[in-house]
Ligand code: UD1
Ligand code: UDP
(Lines give C-alpha, C1' and ligand atoms only; values in the text may rest on other atoms or scores of the structure.)
(Ligands and ions follow the chains in the order given, each with its own letter.)
Protein backbone atom coordinates (compact mmCIF):
# COMPACT_ATOMS: atom_id res chain seq x y z
CA UNK A 1 0.00 0.00 0.00
CA UNK A 2 1.29 3.48 -0.89
CA UNK A 3 0.83 6.63 1.20
CA UNK A 4 -1.46 8.11 -1.47
CA UNK A 5 -3.88 5.22 -1.36
CA UNK A 6 -7.04 5.13 0.73
CA UNK A 7 -8.15 1.80 2.11
CA UNK A 8 -11.71 0.79 1.33
CA UNK A 9 -13.03 -2.40 2.88
CA UNK A 10 -16.05 -4.11 1.32
CA UNK A 11 -17.80 -6.46 3.76
CA UNK A 12 -20.41 -9.03 2.73
CA UNK A 13 -21.43 -12.57 3.48
CA UNK A 14 -24.37 -13.90 1.48
CA UNK A 15 -24.97 -14.81 -2.16
CA UNK A 16 -26.90 -11.70 -3.20
CA UNK A 17 -24.50 -9.30 -1.48
CA UNK A 18 -21.57 -10.97 -3.23
CA UNK A 19 -23.26 -10.72 -6.64
CA UNK A 20 -24.01 -7.04 -6.10
CA UNK A 21 -20.59 -6.16 -4.60
CA UNK A 22 -18.59 -8.03 -7.27
CA UNK A 23 -18.76 -5.33 -9.97
CA UNK A 24 -17.90 -2.71 -7.38
CA UNK A 25 -14.83 -4.62 -6.22
CA UNK A 26 -13.69 -4.93 -9.85
CA UNK A 27 -14.14 -1.18 -10.31
CA UNK A 28 -12.13 -0.34 -7.18
CA UNK A 29 -9.41 -2.77 -8.23
CA UNK A 30 -9.08 -0.96 -11.58
CA UNK A 31 -8.04 2.12 -9.59
CA UNK A 32 -5.28 0.51 -7.58
CA UNK A 33 -3.19 3.70 -7.68
CA UNK A 34 -5.90 5.38 -5.60
CA UNK A 35 -7.50 2.60 -3.58
CA UNK A 36 -6.21 -0.21 -1.48
CA UNK A 37 -9.23 -2.50 -1.84
CA UNK A 38 -9.85 -5.03 0.92
CA UNK A 39 -12.49 -7.73 0.66
CA UNK A 40 -13.82 -9.11 3.92
CA UNK A 41 -16.34 -11.96 3.71
CA UNK A 42 -18.22 -13.02 6.80
CA UNK A 43 -19.33 -16.22 5.02
CA UNK A 44 -22.77 -15.98 6.58
CA UNK A 45 -23.37 -18.21 3.57
CA UNK A 46 -20.55 -20.65 2.89
CA UNK A 47 -21.32 -22.64 -0.26
CA UNK A 48 -23.59 -20.01 -1.86
CA UNK A 49 -20.99 -17.31 -1.27
CA UNK A 50 -18.14 -19.41 -2.61
CA UNK A 51 -20.09 -20.07 -5.82
CA UNK A 52 -20.24 -16.32 -6.47
CA UNK A 53 -16.60 -15.72 -5.50
CA UNK A 54 -15.61 -18.34 -8.08
CA UNK A 55 -17.82 -16.98 -10.88
CA UNK A 56 -16.43 -13.46 -10.48
CA UNK A 57 -12.88 -14.64 -9.67
CA UNK A 58 -12.86 -12.84 -6.34
CA UNK A 59 -10.58 -13.61 -3.41
CA UNK A 60 -11.10 -12.53 0.17
CA UNK A 61 -8.45 -10.74 2.20
CA UNK A 62 -10.36 -11.72 5.34
CA UNK A 63 -12.71 -14.68 5.67
CA UNK A 64 -14.58 -14.80 8.99
CA UNK A 65 -16.13 -18.18 8.14
CA UNK A 66 -19.04 -17.70 10.55
CA UNK A 67 -21.73 -19.92 9.00
CA UNK A 68 -23.26 -22.61 11.17
CA UNK A 69 -26.00 -25.02 10.14
CA UNK A 70 -29.33 -23.71 11.38
CA UNK A 71 -27.83 -20.42 12.58
CA UNK A 72 -30.20 -17.90 14.08
CA UNK A 73 -30.06 -14.11 14.08
CA UNK A 74 -28.20 -13.99 17.42
CA UNK A 75 -25.54 -16.35 16.09
CA UNK A 76 -24.96 -14.29 12.95
CA UNK A 77 -24.99 -10.90 14.69
CA UNK A 78 -22.64 -11.83 17.51
CA UNK A 79 -20.23 -13.79 15.37
CA UNK A 80 -19.92 -11.01 12.77
CA UNK A 81 -19.59 -8.29 15.41
CA UNK A 82 -16.84 -10.05 17.35
CA UNK A 83 -14.87 -11.18 14.32
CA UNK A 84 -15.05 -7.74 12.73
CA UNK A 85 -13.56 -6.15 15.84
CA UNK A 86 -10.23 -7.84 15.22
CA UNK A 87 -10.27 -7.36 11.44
CA UNK A 88 -10.98 -3.64 11.71
CA UNK A 89 -8.35 -3.14 14.39
CA UNK A 90 -5.80 -4.74 12.14
CA UNK A 91 -6.79 -3.24 8.77
CA UNK A 92 -7.89 0.26 9.88
CA UNK A 93 -9.76 1.07 6.63
CA UNK A 94 -10.66 4.66 5.76
CA UNK A 95 -14.13 3.53 4.76
CA UNK A 96 -16.22 0.39 5.22
CA UNK A 97 -18.81 -0.47 2.58
CA UNK A 98 -21.71 -2.76 3.39
CA UNK A 99 -24.59 -3.82 1.20
CA UNK A 100 -28.35 -3.95 1.54
CA UNK A 101 -30.19 -5.55 4.40
CA UNK A 102 -28.62 -8.75 5.63
CA UNK A 103 -27.56 -9.31 9.21
CA UNK A 104 -23.97 -9.33 7.98
CA UNK A 105 -24.41 -5.76 6.70
CA UNK A 106 -25.90 -4.42 9.89
CA UNK A 107 -23.48 -6.14 12.26
CA UNK A 108 -20.50 -5.09 10.11
CA UNK A 109 -21.75 -1.48 10.01
CA UNK A 110 -22.10 -1.52 13.80
CA UNK A 111 -18.61 -2.99 14.17
CA UNK A 112 -17.20 -0.15 12.04
CA UNK A 113 -19.13 2.44 14.01
CA UNK A 114 -17.67 1.10 17.28
CA UNK A 115 -14.24 2.01 15.90
CA UNK A 116 -15.47 5.30 14.46
CA UNK A 117 -14.80 4.20 10.90
CA UNK A 118 -17.25 5.78 8.44
CA UNK A 119 -19.67 3.48 6.68
CA UNK A 120 -21.04 3.68 3.13
CA UNK A 121 -24.30 1.86 2.48
CA UNK A 122 -24.71 0.34 -0.98
CA UNK A 123 -28.35 -0.22 -2.02
CA UNK A 124 -29.52 2.28 0.58
CA UNK A 125 -33.03 3.55 1.20
CA UNK A 126 -35.18 0.55 0.26
CA UNK A 127 -38.17 0.42 2.60
CA UNK A 128 -41.47 -1.36 3.11
CA UNK A 129 -42.20 0.55 6.32
CA UNK A 130 -43.17 -2.71 8.07
CA UNK A 131 -40.40 -3.93 10.38
CA UNK A 132 -41.71 -7.52 10.20
CA UNK A 133 -41.89 -7.68 6.41
CA UNK A 134 -39.38 -8.66 5.28
CA UNK A 135 -38.03 -9.81 8.62
CA UNK A 136 -35.41 -9.01 9.78
CA UNK A 137 -34.30 -7.20 6.61
CA UNK A 138 -36.46 -4.10 6.97
CA UNK A 139 -35.01 -3.34 10.40
CA UNK A 140 -31.53 -4.32 9.25
CA UNK A 141 -31.54 -1.71 6.49
CA UNK A 142 -33.05 0.95 8.73
CA UNK A 143 -30.31 0.41 11.34
CA UNK A 144 -27.59 0.34 8.69
CA UNK A 145 -29.01 3.53 7.23
CA UNK A 146 -28.84 5.17 10.65
CA UNK A 147 -25.19 4.21 11.07
CA UNK A 148 -24.04 5.05 7.53
CA UNK A 149 -22.45 8.36 6.62
CA UNK A 150 -22.88 7.86 2.87
CA UNK A 151 -25.96 6.41 1.19
CA UNK A 152 -25.80 4.97 -2.32
CA UNK A 153 -29.46 4.80 -3.29
CA UNK A 154 -30.37 2.80 -6.39
CA UNK A 155 -33.41 4.87 -7.39
CA UNK A 156 -35.12 8.20 -6.80
CA UNK A 157 -37.73 6.40 -4.68
CA UNK A 158 -35.07 5.09 -2.33
CA UNK A 159 -33.58 8.57 -2.11
CA UNK A 160 -36.97 9.95 -1.09
CA UNK A 161 -37.29 7.29 1.61
CA UNK A 162 -34.01 8.46 3.10
CA UNK A 163 -35.00 12.13 2.93
CA UNK A 164 -38.18 11.27 4.89
CA UNK A 165 -35.89 9.88 7.60
CA UNK A 166 -34.00 13.18 7.68
CA UNK A 167 -30.83 11.93 6.05
CA UNK A 168 -29.00 14.99 4.78
CA UNK A 169 -29.49 15.30 0.98
CA UNK A 170 -25.78 15.91 0.42
CA UNK A 171 -25.01 12.42 1.77
CA UNK A 172 -27.37 10.62 -0.61
CA UNK A 173 -26.21 9.60 -4.09
CA UNK A 174 -28.58 8.06 -6.63
CA UNK A 175 -26.40 5.64 -8.55
CA UNK A 176 -28.56 2.80 -9.89
CA UNK A 177 -28.28 -0.70 -8.49
CA UNK A 178 -25.04 -2.63 -8.97
CA UNK A 179 -27.15 -5.76 -9.59
CA UNK A 180 -27.69 -4.46 -13.13
CA UNK A 181 -23.92 -4.06 -13.54
CA UNK A 182 -23.50 -7.71 -12.52
CA UNK A 183 -26.32 -8.82 -14.79
CA UNK A 184 -24.89 -6.94 -17.78
CA UNK A 185 -21.47 -8.50 -17.21
CA UNK A 186 -22.94 -11.97 -17.29
CA UNK A 187 -25.47 -11.42 -20.08
CA UNK A 188 -22.77 -9.91 -22.30
CA UNK A 189 -20.46 -12.82 -21.60
CA UNK A 190 -23.21 -15.27 -22.51
CA UNK A 191 -24.03 -13.35 -25.69
CA UNK A 192 -20.44 -12.91 -26.87
CA UNK A 193 -19.11 -16.35 -26.08
CA UNK A 194 -21.12 -19.09 -27.73
CA UNK A 195 -19.02 -21.75 -26.03
CA UNK A 196 -20.07 -20.33 -22.68
CA UNK A 197 -23.76 -20.71 -23.51
CA UNK A 198 -23.06 -24.31 -24.59
CA UNK A 199 -21.19 -24.89 -21.35
CA UNK A 200 -24.13 -23.54 -19.33
CA UNK A 201 -26.48 -25.85 -21.23
CA UNK A 202 -24.26 -28.78 -20.28
CA UNK A 203 -23.98 -27.58 -16.68
CA UNK A 204 -27.75 -27.51 -16.44
CA UNK A 205 -28.01 -31.02 -17.85
CA UNK A 206 -25.58 -32.04 -15.10
CA UNK A 207 -27.87 -30.32 -12.58
CA UNK A 208 -30.87 -32.27 -13.87
CA UNK A 209 -32.48 -30.01 -16.49
CA UNK A 210 -32.08 -30.06 -20.26
CA UNK A 211 -33.09 -26.71 -21.78
CA UNK A 212 -33.53 -28.31 -25.19
CA UNK A 213 -36.93 -29.43 -23.79
CA UNK A 214 -37.89 -25.79 -24.45
CA UNK A 215 -37.11 -26.01 -28.19
CA UNK A 216 -40.69 -27.00 -29.00
CA UNK A 217 -41.94 -23.72 -27.50
CA UNK A 218 -42.54 -25.29 -24.08
CA UNK A 219 -42.91 -22.74 -21.28
CA UNK A 220 -40.66 -22.72 -18.22
CA UNK A 221 -41.61 -21.38 -14.80
CA UNK A 222 -38.54 -20.60 -12.66
CA UNK A 223 -39.07 -20.71 -8.90
CA UNK A 224 -36.94 -19.58 -5.95
CA UNK A 225 -37.79 -19.09 -2.27
CA UNK A 226 -36.03 -18.45 1.02
CA UNK A 227 -37.65 -15.64 3.05
CA UNK A 228 -37.76 -16.14 6.82
CA UNK A 229 -41.32 -14.80 7.07
CA UNK A 230 -42.45 -17.59 4.71
CA UNK A 231 -41.01 -20.35 6.95
CA UNK A 232 -43.67 -22.80 8.16
CA UNK A 233 -47.18 -22.28 6.75
CA UNK A 234 -45.95 -19.95 4.01
CA UNK A 235 -43.62 -22.50 2.41
CA UNK A 236 -46.20 -25.22 2.93
CA UNK A 237 -48.75 -23.18 0.93
CA UNK A 238 -46.17 -22.37 -1.72
CA UNK A 239 -45.28 -26.06 -2.19
CA UNK A 240 -48.93 -27.10 -2.37
CA UNK A 241 -49.56 -24.39 -4.98
CA UNK A 242 -46.58 -25.62 -7.03
CA UNK A 243 -47.95 -29.16 -6.87
CA UNK A 244 -51.35 -28.02 -8.15
CA UNK A 245 -49.75 -26.00 -10.97
CA UNK A 246 -47.56 -28.92 -12.04
CA UNK A 247 -50.63 -31.18 -12.29
CA UNK A 248 -52.82 -28.57 -13.95
CA UNK A 249 -50.22 -27.63 -16.60
CA UNK A 250 -48.49 -30.86 -17.67
CA UNK A 251 -47.05 -29.18 -20.79
CA UNK A 252 -45.26 -26.49 -18.80
CA UNK A 253 -41.94 -27.16 -17.07
CA UNK A 254 -41.35 -25.97 -13.51
CA UNK A 255 -37.83 -25.68 -12.14
CA UNK A 256 -36.90 -24.87 -8.55
CA UNK A 257 -33.22 -24.35 -7.60
CA UNK A 258 -33.58 -24.93 -3.86
CA UNK A 259 -31.94 -22.67 -1.28
CA UNK A 260 -29.74 -24.65 1.12
CA UNK A 261 -31.67 -23.53 4.20
CA UNK A 262 -33.33 -26.58 5.82
CA UNK A 263 -36.38 -24.39 6.55
CA UNK A 264 -36.86 -24.16 2.79
CA UNK A 265 -36.11 -27.81 2.00
CA UNK A 266 -38.16 -29.49 4.74
CA UNK A 267 -41.58 -28.30 3.48
CA UNK A 268 -40.61 -29.35 -0.04
CA UNK A 269 -40.06 -32.89 1.23
CA UNK A 270 -43.22 -32.76 3.34
CA UNK A 271 -45.32 -31.95 0.26
CA UNK A 272 -43.45 -33.86 -2.46
CA UNK A 273 -41.97 -36.75 -0.45
CA UNK A 274 -38.36 -37.90 -0.14
CA UNK A 275 -38.03 -38.61 -3.84
CA UNK A 276 -38.41 -35.31 -5.65
CA UNK A 277 -38.40 -36.84 -9.14
CA UNK A 278 -42.00 -38.08 -9.26
CA UNK A 279 -43.26 -35.47 -11.73
CA UNK A 280 -42.12 -35.33 -15.34
CA UNK A 281 -42.50 -31.54 -15.58
CA UNK A 282 -41.10 -30.56 -12.16
CA UNK A 283 -37.38 -30.26 -11.50
CA UNK A 284 -35.94 -29.63 -8.06
CA UNK A 285 -32.26 -28.84 -8.44
CA UNK A 286 -29.36 -27.59 -6.32
CA UNK A 287 -28.65 -23.81 -6.17
CA UNK A 288 -27.14 -22.68 -9.44
CA UNK A 289 -24.04 -20.64 -10.04
CA UNK A 290 -24.91 -17.09 -11.05
CA UNK A 291 -24.10 -17.61 -14.74
CA UNK A 292 -26.28 -20.70 -14.98
CA UNK A 293 -29.08 -18.99 -13.09
CA UNK A 294 -29.06 -15.96 -15.42
CA UNK A 295 -28.93 -18.30 -18.42
CA UNK A 296 -31.99 -20.11 -17.07
CA UNK A 297 -33.79 -16.86 -16.24
CA UNK A 298 -33.35 -15.81 -19.88
CA UNK A 299 -34.89 -19.10 -21.02
CA UNK A 300 -37.81 -18.87 -18.62
CA UNK A 301 -41.37 -17.77 -19.35
CA UNK A 302 -42.04 -16.31 -15.92
CA UNK A 303 -40.46 -16.21 -12.49
CA UNK A 304 -42.16 -17.08 -9.21
CA UNK A 305 -40.02 -15.94 -6.30
CA UNK A 306 -39.73 -14.26 -2.92
CA UNK A 307 -36.22 -13.00 -3.73
CA UNK A 308 -35.17 -9.37 -3.68
CA UNK A 309 -32.44 -9.58 -6.32
CA UNK A 310 -34.49 -11.67 -8.73
CA UNK A 311 -37.24 -9.01 -8.59
CA UNK A 312 -34.68 -6.59 -9.99
CA UNK A 313 -33.04 -8.85 -12.55
CA UNK A 314 -35.99 -10.61 -14.18
CA UNK A 315 -37.86 -7.46 -15.32
CA UNK A 316 -34.78 -6.21 -17.11
CA UNK A 317 -34.76 -9.51 -19.03
CA UNK A 318 -38.44 -8.95 -19.90
CA UNK A 319 -39.68 -11.75 -17.63
CA UNK A 320 -42.84 -11.26 -15.56
CA UNK A 321 -42.29 -11.80 -11.85
CA UNK A 322 -44.86 -13.01 -9.33
CA UNK A 323 -43.54 -12.21 -5.87
CA UNK A 324 -44.52 -14.55 -3.04
CA UNK A 325 -44.59 -11.81 -0.42
CA UNK A 326 -47.15 -9.33 0.93
CA UNK A 327 -44.88 -6.30 0.67
CA UNK A 328 -41.97 -5.18 -1.44
CA UNK A 329 -39.27 -2.58 -0.93
CA UNK A 330 -38.88 -2.55 -4.71
CA UNK A 331 -42.08 -0.83 -5.89
CA UNK A 332 -40.60 0.48 -9.14
CA UNK A 333 -41.22 -2.67 -11.20
CA UNK A 334 -44.65 -3.15 -9.61
CA UNK A 335 -45.59 0.34 -10.79
CA UNK A 336 -44.22 -0.47 -14.24
CA UNK A 337 -46.50 -3.53 -14.33
CA UNK A 338 -43.85 -6.25 -14.67
CA UNK A 339 -43.95 -7.43 -11.03
CA UNK A 340 -47.02 -8.48 -9.05
CA UNK A 341 -47.33 -9.46 -5.38
CA UNK A 342 -49.10 -12.78 -4.76
CA UNK A 343 -48.11 -13.46 -1.14
CA UNK A 344 -47.55 -17.00 0.10
CA UNK A 345 -51.20 -17.52 -0.75
CA UNK A 346 -52.10 -20.89 -2.29
CA UNK A 347 -55.04 -19.68 -4.38
CA UNK A 348 -53.42 -16.48 -5.57
CA UNK A 349 -50.27 -18.29 -6.69
CA UNK A 350 -52.27 -20.94 -8.57
CA UNK A 351 -54.56 -18.36 -10.19
CA UNK A 352 -51.92 -15.81 -11.19
CA UNK A 353 -49.44 -18.33 -12.60
CA UNK A 354 -52.26 -20.07 -14.52
CA UNK A 355 -53.50 -16.79 -15.93
CA UNK A 356 -50.07 -15.89 -17.29
CA UNK A 357 -49.67 -19.36 -18.78
CA UNK A 358 -53.11 -19.40 -20.42
CA UNK A 359 -53.82 -15.78 -21.30
CA UNK A 360 -51.48 -14.23 -23.89
CA UNK A 361 -52.83 -10.75 -23.30
CA UNK A 362 -52.11 -10.80 -19.54
CA UNK A 363 -48.68 -12.19 -20.32
CA UNK A 364 -47.80 -9.54 -22.88
CA UNK A 365 -48.83 -6.78 -20.45
CA UNK A 366 -46.33 -8.06 -17.89
CA UNK A 367 -43.50 -9.21 -20.09
CA UNK A 368 -42.21 -5.93 -21.45
CA UNK A 369 -38.56 -5.30 -20.66
CA UNK A 370 -38.33 -2.80 -17.87
CA UNK A 371 -35.29 -1.62 -16.05
CA UNK A 372 -35.93 0.94 -13.34
CA UNK A 373 -32.94 -0.24 -11.29
CA UNK A 374 -29.99 1.01 -13.27
CA UNK A 375 -28.03 1.24 -16.50
CA UNK A 376 -25.09 -0.98 -15.63
CA UNK A 377 -22.86 1.96 -14.58
CA UNK A 378 -23.68 2.10 -10.86
CA UNK A 379 -20.31 0.75 -9.69
CA UNK A 380 -18.37 3.30 -11.76
CA UNK A 381 -20.47 6.10 -10.26
CA UNK A 382 -20.02 4.85 -6.71
CA UNK A 383 -16.23 4.60 -7.08
CA UNK A 384 -16.04 8.11 -8.51
CA UNK A 385 -18.16 9.50 -5.66
CA UNK A 386 -16.03 7.74 -3.05
CA UNK A 387 -12.91 9.06 -4.69
CA UNK A 388 -14.26 12.58 -4.14
CA UNK A 389 -15.45 11.82 -0.61
CA UNK A 390 -12.01 10.54 0.39
CA UNK A 391 -10.36 13.52 -1.27
CA UNK A 392 -8.42 11.51 -3.85
C1 UD1 B 1 -29.85 -14.64 4.26
C2 UD1 B 1 -30.25 -13.21 4.65
C3 UD1 B 1 -31.34 -12.69 3.73
C4 UD1 B 1 -30.95 -12.85 2.27
C5 UD1 B 1 -30.57 -14.31 2.01
C6 UD1 B 1 -30.08 -14.48 0.59
C7 UD1 B 1 -30.22 -12.50 7.00
C8 UD1 B 1 -30.88 -12.56 8.30
N9 UD1 B 1 -30.77 -13.21 6.01
O10 UD1 B 1 -30.97 -15.47 4.53
O11 UD1 B 1 -31.57 -11.33 4.01
O12 UD1 B 1 -32.04 -12.50 1.46
O13 UD1 B 1 -29.51 -14.68 2.90
O14 UD1 B 1 -30.07 -15.82 0.21
O15 UD1 B 1 -29.20 -11.88 6.88
N16 UD1 B 1 -27.01 -22.49 4.26
C17 UD1 B 1 -26.02 -23.38 3.88
N18 UD1 B 1 -25.08 -22.95 2.98
C19 UD1 B 1 -25.09 -21.71 2.44
C20 UD1 B 1 -26.11 -20.83 2.81
C21 UD1 B 1 -27.06 -21.22 3.73
O22 UD1 B 1 -25.98 -24.51 4.34
O23 UD1 B 1 -24.22 -21.40 1.62
C24 UD1 B 1 -28.01 -22.94 5.27
C25 UD1 B 1 -27.39 -23.06 6.66
O26 UD1 B 1 -28.03 -24.09 7.35
C27 UD1 B 1 -27.73 -21.71 7.30
C28 UD1 B 1 -29.11 -21.48 6.72
O29 UD1 B 1 -29.03 -21.94 5.37
O30 UD1 B 1 -27.70 -21.76 8.71
C31 UD1 B 1 -29.63 -20.10 6.79
O32 UD1 B 1 -28.73 -19.14 6.30
P33 UD1 B 1 -28.94 -17.59 6.74
O34 UD1 B 1 -27.89 -16.75 6.11
O35 UD1 B 1 -29.10 -17.50 8.21
O36 UD1 B 1 -30.37 -17.22 6.16
P37 UD1 B 1 -30.88 -17.04 4.67
O38 UD1 B 1 -32.29 -17.51 4.66
O39 UD1 B 1 -29.94 -17.64 3.73
N1 UDP C 1 -29.28 -16.76 -7.75
C2 UDP C 1 -28.26 -17.62 -8.15
N3 UDP C 1 -28.50 -18.97 -8.13
C4 UDP C 1 -29.70 -19.50 -7.74
C5 UDP C 1 -30.71 -18.61 -7.31
C6 UDP C 1 -30.47 -17.24 -7.32
O7 UDP C 1 -27.18 -17.18 -8.52
O8 UDP C 1 -29.85 -20.73 -7.76
C9 UDP C 1 -29.01 -15.30 -7.73
C10 UDP C 1 -30.04 -14.41 -8.38
O11 UDP C 1 -29.77 -14.20 -9.75
C12 UDP C 1 -29.92 -13.11 -7.57
C13 UDP C 1 -29.49 -13.59 -6.21
O14 UDP C 1 -29.00 -14.92 -6.36
O15 UDP C 1 -28.89 -12.27 -8.07
C16 UDP C 1 -30.67 -13.56 -5.27
O17 UDP C 1 -30.34 -14.22 -4.10
P18 UDP C 1 -31.43 -14.59 -3.02
O19 UDP C 1 -32.76 -14.75 -3.68
O20 UDP C 1 -30.89 -15.74 -2.25
O21 UDP C 1 -31.40 -13.32 -2.05
P22 UDP C 1 -32.18 -11.93 -2.02
O23 UDP C 1 -31.93 -11.22 -3.30
O24 UDP C 1 -33.63 -12.23 -1.78
O25 UDP C 1 -31.61 -11.22 -0.84
### Query
Which ones in the range 269-315 are within 16 Å of ligand 1 (Cβ to nearest atom) and out of contact with any helix residue (DSSP H, G or I) (no Cβ under 8 Å at 6 or more places or on another chain)?
269, 293
### Query
Yes or no: residue 386 modelled with pLDDT of 95 or more and over 21 Å from the mean Cα position of the chain (by Cα)?
yes
## Note on the structure
Scanning the range 188-238 for residues that are surrounded by 20 or more Cβ atoms within 10 Å (Cβ to Cβ) and in a strand (DSSP E or B), the one nearest to ligand 2 (Cβ to nearest atom) turns out to be 224
### Summary
Of all helices (runs of 4 or more DSSP H) fully inside the range 273-373, the set with 3 or more residues that are more than 28 Å from residue 161 (Cβ to Cβ) is 290-299, 346-358, 360-366
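Quick one: which residue in 4, 29, 47, 90 is within 16 Å of ligand 1 (Cβ to nearest atom), surrounded by fewer than 21 Cβ atoms within 10 Å (Cβ to Cβ) and more than 25 Å from residue 127 (Cβ to Cβ)?
Working: 4 fails: within 16 Å of ligand 1 (Cβ to nearest atom); 29 fails: within 16 Å of ligand 1 (Cβ to nearest atom); 90 fails: within 16 Å of ligand 1 (Cβ to nearest atom).
Answer to the check: 47.
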### Task
For residue 254, indicate whether it is assigned to a strand (DSSP E or B), in contact with a helix residue (DSSP H, G or I) (Cβ under 6 Å, 6 or more places away or on another chain), at pLDDT 95 or above and more than 16 Å from ligand 1 (Cβ to nearest atom).
yes
### Query
Residues 294, 323, 339, 310: which one is without any contact (Cβ under 8 Å) to a residue 24 or more places away in the chain and surrounded by 21 or more Cβ atoms within 10 Å (Cβ to Cβ)?
323
### Task
Please give the number of the condition residue 126 fails out of (1) in a helix (DSSP H, G or I); (2) within 15 Å of ligand 2 (Cβ to nearest atom).
(1)
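Answer yes if at least one residue in the range 346-354 is within 24 Å of residue 216 (Cβ to Cβ), more than 16 Å from ligand 1 (Cβ to nearest atom) and surrounded by fewer than 20 Cβ atoms within 10 Å (Cβ to Cβ), and no otherwise. Break it down stepwise before answering.
Here is the first cut: in the range 346-354, the residues within 24 Å of residue 216 (Cβ to Cβ) are 353-354.
Subset that is more than 16 Å from ligand 1 (Cβ to nearest atom): 353-354.
Imposing the further condition that a residue be surrounded by fewer than 20 Cβ atoms within 10 Å (Cβ to Cβ) reduces the set to 354.
For the range 346-354, residues within 24 Å of residue 216 (Cβ to Cβ), more than 16 Å from ligand 1 (Cβ to nearest atom) and surrounded by fewer than 20 Cβ atoms within 10 Å (Cβ to Cβ): present.
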### Query
Where in the range 36-117 are the helices (runs of 4 or more DSSP H), entirely inside, with at least 2 residues that are away from ligand 2 (no atom under 16 Å from the Cβ) and either under 19 Å from residue 228 (Cα atoms) or in contact with a helix residue (DSSP H, G or I) (Cβ under 7 Å, 6 or more places away or on another chain) (or both)?
73-91, 103-114
## Note on the structure
Subset of the range 21-39, residues within 19 Å of residue 105 (Cβ to Cβ), in contact (Cβ under 8 Å) with a residue 60 or more places away in the chain and touching a strand residue (DSSP E or B) at 6+ places or on another chain (Cβ under 9 Å), comes to 21, 24, 28
### Message
If residue 208 satisfies all but one of (1) in contact with a strand residue (DSSP E or B) (Cβ under 8 Å, 6 or more places away or on another chain); (2) away from ligand 1 (no atom under 16 Å from the Cβ); (3) at negative phi, what's the number of the condition it fails?
### Response
(3)
### Query
Residues of the range 258-267 being surrounded by fewer than 20 Cβ atoms within 10 Å (Cβ to Cβ) and in contact with a helix residue (DSSP H, G or I) (Cβ under 7 Å, 6 or more places away or on another chain), which ones?
258, 260
### Query
Is at least one residue of the range 4-20 more than 16 Å from residue 66 (Cα to Cα), assigned to a loop (DSSP other than H, G, I, E, B) and out of contact with any strand residue (DSSP E or B) (no Cβ under 6 Å at 6 or more places or on another chain)?
yes
### Task
Take the range 257-272 and flag every residue that is touching a residue at least 40 places away in the same chain (Cβ under 8 Å) and part of a helix (DSSP H, G or I).
262
### Unique residue being within 16 Å of ligand 1 (Cβ to nearest atom), surrounded by fewer than 19 Cβ atoms within 10 Å (Cβ to Cβ) and under 29 Å from residue 287 (Cβ atoms) when the list is 61, 72, 101
72
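The values are calculated or read from the model by the stated rules, or taken from the named source; none is laboratory data. The model shown is predicted, which means the values in this text are computed figures rather than measured ones. All Cβ positions, even for glycine, are placed from backbone atoms using ideal geometry, and neighbour counts span all protein chains on display.
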